[in-house]
1. Taking every eigenvalue of the Cα gyration tensor of the stretch 13-58, multiplying by 5 and rooting it, what semi-axes result, largest first, whole Å?
2. Between Arg23 and Asp77, what is the label-point separation in nm under the 7 Å Cα-to-beta-carbon projection?
3. Figure the gain on full extension for Leu34 and Ala62 (residue separation times 0.36 nm, minus the Cα-Cα span) and round it to one decimal in nm.
Amino acid sequence: MTTAALPEQAQDRPRSGRWARMRPVLRGLLAVALLLVTAVDALLTALIGVRPLVPLLRSLAAVLADEYRAGRVGAIDADVIEDDDQSEREVRR
């Protein structure tokens, strides 16, 4: 018994194949672009005499991503309360 592919399935296969082939190419192009941006950043900041901006932007992006993920799932920031009163810490028997 043979089965015929539906027209929708036949159209999806070449697209996924194209994306599967293009994904490594796009990642490579992105890596080269990031390398060039990092090199230009290092050169310009060395000429000006300030710290490179790329590490600062990476850490800022990491903080923003963490805050976004926490906000998306509804996490609440913990409040740390420091109590300097020693009398309450002691155990009374």
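1. Semi-axes (√(5λ), whole Å): 35, 9, 4.
2. 3.6 nm
3. Working: separation 28, 0.36 × 28 = 10.08 nm, distance 1.65 nm.
Stretched out fully, the Leu34 to Ala62 stretch lengthens by 8.4 nm.
Every number in this text was worked out from the coordinates using simple rules, so none of it is lab data. Source: prediction; values computed, not measured. Methodologically, a virtual Cβ is constructed for each residue, glycine included, from the backbone with ideal geometry; neighbour enumeration extends over all protein chains shown.
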